[in-house]
Amino acid sequence: MGIQGMELCAMAVVVLLFIAVLKQFGILEPMSMEDSSDSELELSTVRHQPEGLDQLQAQTKFTKKELQSLYRGFKNECPTGLVDEDTFKLIYSQFFPQGDATTYAHFLFNAFDADGNGAIRFEDFVVGLSILLRGTVHEKLKWAFNLYDINKDGYITKEEMLAIMKSIYDMMGRHTYPILRDDAPLEHVERFFQKMDRNKDGVVTIDEFLETCQKDENIMSSMQLFENVI
């Protein structure tokens, strides 16, 4: 996988790894016709009580049955109703034992931890998942921008983009074929950042990010990979 492949990985395909992790650990379980018809989530055994189904359905593009299925899987893996960063990193380390997924898991965790309180609630999880799986291209790209904007100041710097790329490379790049050179992440970032930073001010704004991505056929086609996952 060369520079172009890493670009697609960074923009979209890595999120499929997240989906694969969820399926591996039972959080995205197959829908069953025997799902409970109850209109509310089961709350008796968890520490954090999520919002009701009606409210979550209004905030996402999931049906009540899909939310019930997602919640069962989430509760099985996270009985307290919350996922902390160490748990998130542990899941990724088990799924990528030959690489170092610690840093990428940290960045992805922060993208899902919407309120920055150090824990992912079920609400955070399903809202983010709804964007990735059912959102418009614009919504998915805004979510991706948030992943790259590490310090959440509304801009992506070359250093932030390189940090994300290095984390992906550490997680899986060394096990690609042909093997990527050590300077591959930097080379990718230099090329892609130059294309995104249209006014050459050293940072990428959300508008520049959206415009560049929407004009890239490879990125647009990769956005379709998330559809019909569940």
ask   = So which residues in segment 77-100 are without any contact (Cβ under 8 Å) to a residue 24 or more places away in the chain and touching a strand residue (DSSP E or B) at 6+ places or on another chain (Cβ under 6 Å)?
value = none
query = Does any residue in segment 142-154 that is open to solvent by less than 60 Å² (accessible area, probe 1.4 Å) come within less than 8 Å, Cβ to Cβ, of a residue that is modelled with pLDDT of 90 or more and of a type in the set (Lys, Arg) six or more places away or on a different chain, and which pairs are these?
reply = Asn146/Lys152
query = Inside segment 89-110, can you point out the residues that are open to solvent by less than 10 Å² (accessible area, probe 1.4 Å) and part of a helix (DSSP H, G or I)?
reply = Tyr92, Tyr104, Ala105, Leu108, Phe109
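Within segment 104-153, which residues are among the aromatic types (Phe, Trp, Tyr), under 18 Å from Asp216 (Cβ atoms) and more than 10 Å from the chain's Cα centre (by Cα)?
Quick first cut of segment 104-153, residues among the aromatic types (Phe, Trp, Tyr) only: 104, 107, 109, 112, 122, 125, 143, 145, 148.
Next cut, under 18 Å from Asp216 (Cβ atoms) only: 143, 145, 148.
Correct list: Phe145, Tyr148.
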query = Is at least one residue of segment 60-82 within 23 Å of Met223 (Cβ to Cβ) and among the charged types (D, E, K, R)?
reply = yes
inquiry  = For segment 62-76, give me each residue that is surrounded by fewer than 15 Cβ atoms within 10 Å (Cβ to Cβ) and touching a residue at least 24 places away in the same chain (Cβ under 8 Å).
reply    = Asn76
request  = Looking at (1) closer than 30 Å to Gly52 by Cβ; (2) surrounded by 20 or more Cβ atoms within 10 Å (Cβ to Cβ), find the lone condition where Ala114 falls short.
outcome  = (2)
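The values are calculated or read from the model by the stated rules, or taken from the named source; none is laboratory data. Please read these numbers as outputs of a predicted model, since none were measured by experiment. Every residue, glycine as well, gets a Cβ built from its backbone with ideal geometry; the counts of neighbours run over all protein chains shown. Just so you know, the surface numbers come from the protein's heavy atoms only, side chains and all, with ligands and any DNA or RNA stripped out. Shrake-Rupley method; radii C 1.70, N 1.55, O 1.52, S 1.80 Å.
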